[in-house]
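The values are calculated or read from the model by the stated rules, or taken from the named source; none is laboratory data. Quick caveat, the model's predicted, so the values are computed rather than measured. Positions of Cβ are generated from backbone atoms using ideal geometry, with glycine treated the same way; all protein chains shown enter the neighbour counts.
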Ligand SMILES: Cc1cc2nc3c(=O)[nH]c(=O)nc-3n(C[C@H](O)[C@H](O)[C@H](O)COP(=O)(O)OP(=O)(O)OC[C@H]3O[C@@H](n4cnc5c(N)ncnc54)[C@H](O)[C@@H]3O)c2cc1C
């Protein structure tokens, strides 16, 4: 059993595995590890699910990668894991996360922007989206579904609570230090922890922890949520300069932007107005739609846009971060892969392209000094 300390105690709590950051990645991985019988704790500086995972549109775009990307096998595998992942969570918690296998239609420009080949896809059937107004060709991506990431985070948190996983909110980690006798001390406020293994799941803030080098860069995205008549939109649409996600009856998300402005997560009225104009250009019926909500979030990006999955500088210290635009999609497979690594098992995919060590030479040469 973990040693429980009171805030004024000098004995830190002790766990088999400690995860730092309760976004979709930390929550999914903590749940996967809890199934192995390990004593798992997850610490979160604010509230669970309050980072990028709260800001995400919730597309599960398994088709959204160039065929040469090393992420393709992981994306496909994660898309296949999703139905069972959601089914189990629903059964365990009695909650829902708006998972809908509705498919996506993409404009030619959107497919080409993601490095895809339009000719590899079937054309969108006529009148599949009767209200869509757009010149140019559109294609069908039937495997690309969607869900509500905020509800998924709530479900995962409820699952962890039921399983007795220690989730400590309002607890900010500052540093990770190896202990002479093995394992790590994680210095955090208001209290510190000891763990045999530590996993950094801190999203865009992963570069800010002392004791580990993870060159993650924040990439801001803004979203404009609009009220719409029910059934105005039946599928996700990837337009030339905006995507539209029918999140629930009467709510359509219009996103997003890609802004490298550090840790500034404020919205900008001009940008939100532009997103709205682009949405109305595709669906003129949105012209008088009421704004329901606007927000911005910080994606965890890296200089090669690939995640950091694997050992982070020393045995027992791991990274599961840098998921950029795809963390919601990649959460189930990330949980599986990191769970294997932590237990000393061979992961089911080659993780060499995602090894945090790929950035180590750049550190030595001082080329990544400005990141994060
Ligand atoms: C506008 C937008 C739209 C997106 N749309 C999609 C989409 O449609 N589909 C998709 O797959 N992905 C999408 N993404 C990307 C996706 O949101 C991210 O890849 C994913 O949420 C990353 O999850 P995470 O758990 O790594 O990070 P986060 O959700 O940011 O979680 C990290 C957590 O760590 C905590 N933390 C940080 N530092 C510390 C510390 N020192 N101590 C304790 N806790 C700490 C933070 O508070 C935060 O809660 C979108 C992102 C944005 C911004």
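What about residue 298, is it buried (at least 17 other Cβ atoms within 10 Å of the Cβ) and within 23 Å of residue 114 (Cα to Cα)? Reasoning before the result, please.
Numbers: buried (at least 17 other Cβ atoms within 10 Å of the Cβ): yes; within 23 Å of residue 114 (Cα to Cα): yes.
Yes: the conditions hold for residue 298.
When residue 67 is evaluated against the numbered criteria (1) in a helix (DSSP H, G or I); (2) under 22 Å from the mean Cα position of the chain (by Cα); (3) at pLDDT below 95, which criterion, by number, is the only one it fails?
Among (1) in a helix (DSSP H, G or I); (2) under 22 Å from the mean Cα position of the chain (by Cα); (3) at pLDDT below 95, residue 67 violates only (1).
How many of the residues in region 312-332 are over 8 Å from the mean Cα position of the chain (by Cα), touching a residue at least 60 places away in the same chain (Cβ under 8 Å) and more than 7 Å from the ligand (Cβ to nearest atom)?
Here is the first cut: in region 312-332, the residues over 8 Å from the mean Cα position of the chain (by Cα) are 312-322, 332.
Next, only the ones that are touching a residue at least 60 places away in the same chain (Cβ under 8 Å) stay: 312-314, 316-322, 332.
Cutting the leftovers down to more than 7 Å from the ligand (Cβ to nearest atom) gives us 312-314, 316-320, 322, 332.
Number satisfying all stated conditions: 10.
Those residues that are part of a loop (DSSP other than H, G, I, E, B) and either buried (at least 16 other Cβ atoms within 10 Å of the Cβ) or not assigned by TED's automatic domain parsing to the domain that holds residue 277 (or both), I need them from region 115-130; list them, please.
Of the residues in region 115-130, the ones part of a loop (DSSP other than H, G, I, E, B) are 115-117, 121-122, 124-130.
Matches in region 115-130: 116, 121, 124, 129.
For region 261-271, indicate whether the set of residues that are farther than 28 Å from residue 13 by Cα and buried (at least 17 other Cβ atoms within 10 Å of the Cβ) is non-empty.
Kept after step one, since they are farther than 28 Å from residue 13 by Cα, are these residues of region 261-271: 261-271.
The next check asks that each one be buried (at least 17 other Cβ atoms within 10 Å of the Cβ); those that pass are 265, 271.
Looking through region 261-271, at least one residue is farther than 28 Å from residue 13 by Cα and buried (at least 17 other Cβ atoms within 10 Å of the Cβ).
Please go through region 277-295 and give me each residue that is surrounded by 13 or more Cβ atoms within 10 Å (Cβ to Cβ) and within 15 Å of the ligand (Cβ to nearest atom), ordered by number.
Matches in region 277-295: 278, 279, 294, 295.
Could you please give the count of residues in region 139-181 that are touching a strand residue (DSSP E or B) at 6+ places or on another chain (Cβ under 8 Å), farther than 22 Å from residue 328 by Cα and free of Cβ contacts under 8 Å to residues at least 40 places away in the same chain?
Total meeting the criteria: 5.
State whether the residues of region 297-309 include one that is at positive phi and modelled with pLDDT of 95 or more. Spell out how you get there, then give the answer.
Just the residues of region 297-309 that are at positive phi, to begin with: 305.
So of that shortlist, the ones also modelled with pLDDT of 95 or more come out as 305.
Yes; the residues of region 297-309 include at least one that is at positive phi and modelled with pLDDT of 95 or more.
What about residue 268, is it in contact with a strand residue (DSSP E or B) (Cβ under 8 Å, 6 or more places away or on another chain), in contact (Cβ under 8 Å) with a residue 24 or more places away in the chain and not assigned by TED's automatic domain parsing to the domain that holds residue 26? Steps first, please.
Numbers: in contact with a strand residue (DSSP E or B) (Cβ under 8 Å, 6 or more places away or on another chain): yes; in contact (Cβ under 8 Å) with a residue 24 or more places away in the chain: yes; not assigned by TED's automatic domain parsing to the domain that holds residue 26: yes.
Criteria met by residue 268.
Which condition number does residue 32 fail, the rest of (1) in contact (Cβ under 8 Å) with a residue 60 or more places away in the chain; (2) surrounded by fewer than 24 Cβ atoms within 10 Å (Cβ to Cβ); (3) under 20 Å from residue 146 (Cβ atoms) being met?
The one condition residue 32 does not meet is (3).
Condition check: under 21 Å from residue 333 (Cα atoms) and assigned to a helix (DSSP H, G or I). Does residue 110 satisfy that? Spell out the reasoning first.
On the way: under 21 Å from residue 333 (Cα atoms): no; assigned to a helix (DSSP H, G or I): yes.
It is false that residue 110 is under 21 Å from residue 333 (Cα atoms) and assigned to a helix (DSSP H, G or I).
Going by the conditions given, is residue 266 part of a loop (DSSP other than H, G, I, E, B), over 25 Å from residue 74 (Cα atoms), within 15 Å of the ligand (Cβ to nearest atom) and out of contact with any helix residue (DSSP H, G or I) (no Cβ under 7 Å at 6 or more places or on another chain)? Steps first, answer last, please.
On the way: part of a loop (DSSP other than H, G, I, E, B): yes; over 25 Å from residue 74 (Cα atoms): yes; within 15 Å of the ligand (Cβ to nearest atom): yes; out of contact with any helix residue (DSSP H, G or I) (no Cβ under 7 Å at 6 or more places or on another chain): yes.
Considered against the rule, which asks whether it is part of a loop (DSSP other than H, G, I, E, B), over 25 Å from residue 74 (Cα atoms), within 15 Å of the ligand (Cβ to nearest atom) and out of contact with any helix residue (DSSP H, G or I) (no Cβ under 7 Å at 6 or more places or on another chain), residue 266 comes out as yes.
Only residues that are within 6 Å of the ligand (Cβ to nearest atom) and under 30 Å from residue 190 (Cα atoms): list them for region 46-64, please. Write out each step before concluding.
Step one: filter region 46-64 for residues within 6 Å of the ligand (Cβ to nearest atom), giving 46, 50-53, 55-59.
Those that are within 6 Å of the ligand (Cβ to nearest atom) and under 30 Å from residue 190 (Cα atoms): 46, 50, 51, 52, 53, 55, 56.
Restricting attention to region 135-157, which residues are at negative phi, more than 16 Å from the ligand (Cβ to nearest atom) and in a loop (DSSP other than H, G, I, E, B)?
The first filter runs over region 135-157 and keeps only residues at negative phi, leaving 135, 137-157.
Of the ones still in play, those that are also more than 16 Å from the ligand (Cβ to nearest atom) are 135, 137-140, 142.
Passing the criteria: 135, 137, 142.
For region 125-134, check the following and say yes or no: at least one residue is at positive phi, at pLDDT below 95, out of contact with any helix residue (DSSP H, G or I) (no Cβ under 9 Å at 6 or more places or on another chain) and more than 15 Å from the ligand (Cβ to nearest atom).
Taking region 125-134 and keeping what is at positive phi, we get 127.
Still in the running and at pLDDT below 95: 127.
Now drop any that are not out of contact with any helix residue (DSSP H, G or I) (no Cβ under 9 Å at 6 or more places or on another chain), which leaves 127.
From the residues that got through so far, the ones that are more than 15 Å from the ligand (Cβ to nearest atom) too are 127.
Yes; the residues of region 125-134 include at least one that is at positive phi, at pLDDT below 95, out of contact with any helix residue (DSSP H, G or I) (no Cβ under 9 Å at 6 or more places or on another chain) and more than 15 Å from the ligand (Cβ to nearest atom).
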